[in-house]
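Okay, so here's the structure we're looking at.
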Amino acid sequence: MADLILGSIVDSITEHLVSLIAQQIGLTCGVKRELKKLQGTVSAIAALLREAEKRRIEAEDVKDWLQKLKVVVYDADDLLDDFSTEALRRPIVAGGVKRVLNEVRIFLSSSNQLVYACMMAHRVKEIRERIDAIKSDRSDFKVEGNDGNTLGISVENQPRPETSPYEHERYVVGRDEDIKEVIKFLLNPDFEENVSILPIVGIGGLGKTTLARQVFNNESIKEYFSVKLWVCVSTNFDAEEIMRKIVRESTLGKEHRDLKGAELIRKVREELDGKKFLLVLDDVWNENRSKWLELEGFLMNGAKGSKILVTTRHLRVAKTMKPPPYYELRGLLEDQSLALLMRMAGKQEHEWKTQNLEEIAKEILKKCAGVPLAIKTIGRLLVFLRDTEEDWLNFKDNDLSTINQEEGDIMPSLKLSYDFLPSHLKQCFAYCCLFPKDYELDPSELIHLWMAQGFIKPLGNRKTQLEDVGHDYFMELLLRSFFQDIEEDPDGNIVRCKMHDLMHDLAQSVAGDNCITIDSSHEKKLPQGARHVSTNDLVVLKGQFEKDRRIRSLLFTNEKNYIDIYLDVSCFRNLRALRVHMARITVISSSIGKLKHMRSLDLSWNHFQYLPNSISGLCNLETLNLRGCWCLERLPRGLTKLVNLRQLDVSECPELTHMPRGIGNLTNLQMLVAFKVGEDSIRDDAAGLNELSKLTGLRKGLTIECLERVRSVPSGLEASFPIEKLALQSLKLRWHYIYSTEADAEVLERLRPHPDLKKLSIVAYGGVQPSSWISQLHKLVEFEFRNYFGRVHLPPLDQLPSLKRIFLFSLSELQWIELSESESGTPPSNSFPSLEEIRLKSLPKFRGWERRRTRRRRSSSRIEQDEEAIQEEEDDDSLLMLPLFSHKVKVTIDVSTGRCPKFSYMHGQKLHLMKISTRIIKQLLRNVTIRHASASSSSSSSSSRITLISLSSISPLPLTRLTISEAEDLEHLPVELLQSLPSLQSLAVSYCPRLKALPGWAILRYLTALESLTISNCPELDLSMGESGYQEDMPEGPAYKLRELEFLGIGKMKTLPWWIQHLTNLESLKIAYCNDLNAFPEWFPQLTSLKRLHICLCGGELRRRCRRNIGEDWPKISHIPDINVSPP
């Protein structure tokens, strides 16, 4: 079933020929003449090869002919790549009639240009004659015809079986929830449009048609829709034919082949217009939106509530229809898969369990990944096996793609999805089989590997980068369901994905011998036609392969801890891509410079100290990944000769001292992940920051490290340094905080980035105030500022319209962040209009946000700043202004380090009060009496995501969460406050050193919505204080909602408060650091809903009494499923 996709190779040959002829290389010995002849020969077979890729080829003689052609076409590409490389390595400098050739090492060790040219002419002629011979051997091949000489049937014309809604389904397992969800959509009348569309999307064999049948024949569907129609669309999407089928279904199967044009449209509208109909369009493959719109226009006049249900394999098809929702069908669960397998195999439960077949069956099912058709295929084959462990184990070890299957089985079904791929996507998909099953694929790595093999072709628009074209390839495969389990970064970029196991089997099948994986057992030998190899054992690099193999890719895909590996792959002279990742390689052989075809070299996470200077010979190299090479100390000077380099990653290389001088020559660089500034002592060898200005192609991320080494601005940066011209998306600027200097501020000012920058990170900056240009980055999406231990003032960020994420970490002296204000002196109505997340960690002095007007002047000296800080700390009125975060903002305050920010704020309807006095509580109570509107609700119409609000404007009535922490003078929690919190769902009181009483009875009586209560680190709190007389006065019968209760560090608690016995819905109780608690009360067994009891460090007596089965209190707690009693 292996496919031969030669289109990209032919394109590569054509590109080489056009380029070489245009450069007029080889004016002697007829080289140019031979190149033109070869160009004509290749052109003659190119059209035939492209047509072959669109067809399913069954004839063995045609396959054999294409296989022979494959070998010579690859050889031709290798030869011409040799020739092009030599042209690049010894450029011709034209000057009048005189041509001066650079003195370089000549191909095939010849020092004579004439000999070299003659040799190339001979080899080109030999290749041309081989192609001519193979072409003439089958010159009678036709694209169409019935005489047996056709290439094969067109994919689009392959017959597909018609589906029917009434076919009997014997085995339908695990689809009850899917059926409910789809029916729920179909019966929902709340849609603006009269006719709504729901595509069901999933790979072939998942049971989309089966699900549609189950829904179609459901009784509630029959009652709801007056008209139900089922149309099998299949691969040929023709609007007229689909409408004829609609009319046929509406007229009880009567054919209407003569209906066309206006008469057909009239008949369709007669059957559908004004009626509430359900139309199922099964097995849709159309990706042409114009064709869909042509059909859709005749289907939109049904009665309100009409629905169209579509089944398709590809999300791309669903997007063609542009429906808001779609239903993604998933695989079956393990128990459902096992039940279906055993039913198909005709096995009873006692049979497979008594013969130890269940675990083997589960391993077999991993091949199926929950796809019902795959399970049925395997189940059908298991019928003919003996019920022995030996037979089932042998079956388990076979790949699904190697098992003979009938036309309706899983692999032929999936192959249809592959057949419909364009040629350029077929080879990209097949290449992915080099990675193991369940491997987390990095889309950017895939794209670079595809580029290295020439799979990605530039568009007519030269401004479009190959990386962008490759991204489009990847997204197209994703939308066609060839990838799954995607993982996105916060900006929605896909950073990881996987291939479904069945898709991996399909990729292996269509790749055939072209892509081979050799495991550590070396059972699989390298076939003659292999061009791309992956292995999990580096031993294969030590002489297991014959020399001069024609391998183009060698990927190491295991992360074993090898020791002291010496890497020498010089025998693989035709390598385009080498990936040896995390293999603990300590030495790279200088022979690596012989791999002149190399485009992608990944040596990341290895242990070598340097790269040999011979790497300068890799003049075709486009991607060099050295990330995580912790021992790497320097880069070779020859690196600066790699003029085709597009991607260079030297991030996470802490021992790297500098970038080599001349790096500015690499003008094709699209990505330079890290640039390390060199010490003054190696200035002659190190690149200066000014060289970055030459890399105008940089457009992704850049990290500039060791900026503290720029001791003075003139030495490191010219006044005209134009980093602003680099259209970067992300910029990280790193100093080392120990070596920060007075020059830091001026350096940062000179490093003003492009105004379209989206991400900015500043680490260990030593200045007092970051540059004002930060507030002018209107497209900035993410801002990070971290690791500084001096006093620092951040500029206003609230007017940046695109800012979504703010990260502030380890800023020991940061106290305030300014908010801008309008000319009228009030905060703007659109502060942080796009903010989605703010994360704060290790900001021990941070007190929140303030309006700019509170600082009329910024003092320049450290002494004046300290005096201002003291005055601010004494100004208690500032606590009456709180930042209000919109509920749309995710607020994360890390308390794990004990250095969390100490400031009060509101987050939607959640109020956090930290380091407050009792007058703040009194102010809240006054707000209740004067019935102030909630600030959060009144601000809902504003676009601001953070607003400064007065405490006097906050009403406690709508609050859902209240946190009180570090209230130094708080001695009791007022009952009046609890009365004013009817909506409260969560209450936390912590680190209140003077708190003595907490009215439990009032909590139960007034906080009727409360679900979570946490009391922690209040050493003076006596939970029994002030509770006498309330036990009998408790209201009867209320269903208290409290489900989670925690007591942490309550030193005076000798017994649990009596009011806990009324918590009939309590599910979780956690008690920690309560040393005086020695026993549980007699009423404790009444807590029948309790599921979790965790006791930690509460003294030896309580732990002894709770010992399982023998402790005195064990009968009181034995009904709880989850009990955890930690040592004292």
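The values are calculated or read from the model by the stated rules, or taken from the named source; none is laboratory data. Small disclaimer: the values here were computed from a predicted structure and weren't measured. Counting neighbours? That spans all protein chains shown, and the Cβs are built from the backbone with ideal geometry, glycine included.
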So which residues in the range 561-618 are within 25 Å of Y431 (Cα to Cα), assigned to a loop (DSSP other than H, G, I, E, B) and of a type in the set (S, T, Y), if there are any at all?
S570, S604
Going through the range 213-224 in order, the residues found to be surrounded by 22 or more Cβ atoms within 10 Å (Cβ to Cβ) and in contact with a helix residue (DSSP H, G or I) (Cβ under 8 Å, 6 or more places away or on another chain) are V215
I want to confirm something. Restricting to the range 761-796 and keeping residues that are out of contact with any Gly (no Cβ under 8 Å at 6 or more places or on another chain) and touching a residue at least 60 places away in the same chain (Cβ under 8 Å), which single residue is farthest from D744 (Cα to Cα)?
V781
Of (1) in contact with a strand residue (DSSP E or B) (Cβ under 7 Å, 6 or more places away or on another chain); (2) more than 18 Å from N194 (Cβ to Cβ), F277 satisfies all except one. Which?
(2)
By residue number, the members of the range 461-481 that are hydrophobic (A, V, I, L, M, F, W, C) and either at pLDDT 90 or above or closer than 16 Å to S444 by Cα (or both) are L466, V469, F474, M475, L477, L478
Residues (under 25 Å from A374 (Cβ atoms) and of a type in the set (V, I, T)) located in the range 204-255:
T209, T210, V215, V233, T235
Does A46 fit the bill of being at pLDDT below 75, small (G, A, S) and either assigned to a helix (DSSP H, G or I) or out of contact with any Pro (no Cβ under 7 Å at 6 or more places or on another chain) (or both)?
no
Do you know which residues across the range 622-656 are closer than 14 Å to L595 by Cβ, in a loop (DSSP other than H, G, I, E, B) and in contact with a strand residue (DSSP E or B) (Cβ under 6 Å, 6 or more places away or on another chain)?
none
I'd like to know if the range 228-240 contains one or more residues that are surrounded by 15 or more Cβ atoms within 10 Å (Cβ to Cβ), assigned to a strand (DSSP E or B) and on the phi > 0 side of the Ramachandran plot.
yes
Pairing a residue in the range 602-619 that is farther than 27 Å from R89 by Cα and crowded, with 17+ Cβ neighbours inside 10 Å with any residue that is modelled with pLDDT under 90 and of a type in the set (S, T, N, Q), where Cβ atoms lie under 8 Å and the two sit 6 or more apart in sequence or on different chains, gives N606/T586; H607/T586; F608/T586
Can you tell me how many residues in the range 265-314 are in a loop (DSSP other than H, G, I, E, B), closer than 19 Å to N236 by Cα and either basic (K, R) or not assigned by TED's automatic domain parsing to the domain that holds V182 (or both)?
1
Close pairs (9 angstrom Cβ cut-off, 6 or more residues apart or separate chains): closer than 14 Å to K291 by Cα and touching a residue at least 40 places away in the same chain (Cβ under 8 Å) in the range 219-237, of a type in the set (F, W, Y) and assigned to a helix (DSSP H, G or I) anywhere:
F237/W292
The residue that is surrounded by the most Cβ atoms within 10 Å (Cβ to Cβ), considering only those in the range 1040-1076 that are assigned to a loop (DSSP other than H, G, I, E, B) and among the aromatic types (F, W, Y), is Y1040
Of the residues R289, R244, R248, which is over 22 Å from L186 (Cβ atoms) and surrounded by 20 or more Cβ atoms within 10 Å (Cβ to Cβ)?
R244
Would you confirm whether any residue within the range 861-873 is among the β-branched types (V, I, T), at pLDDT below 85, more than 23 Å from S965 (Cα to Cα) and touching a helix residue (DSSP H, G or I) at 6+ places or on another chain (Cβ under 9 Å)?
no
Looking for something in contact with an Asp or Glu (Cβ under 7 Å, 6 or more places away or on another chain) and either at pLDDT 90 or above or small (G, A, S) (or both) - is there at least one such residue anywhere in the range 1028-1036?
no
Does the range 1069-1079 contain any residue that is under 19 Å from L1010 (Cα atoms) and not aliphatic (A, V, I, L, M)?
yes
Say whether the condition of being exposed (fewer than 14 other Cβ atoms within 10 Å of the Cβ), modelled with pLDDT of 90 or more and out of contact with any His (no Cβ under 7 Å at 6 or more places or on another chain) is met by at least one residue in the range 146-164.
no
Neighbours by Cβ (under 7 Å, 6+ apart or cross-chain): first from the range 298-321, more than 7 Å from N194 (Cα to Cα); second among the aromatic types (F, W, Y) and not in a loop (DSSP other than H, G, I, E, B):
T320/W292; M321/W292
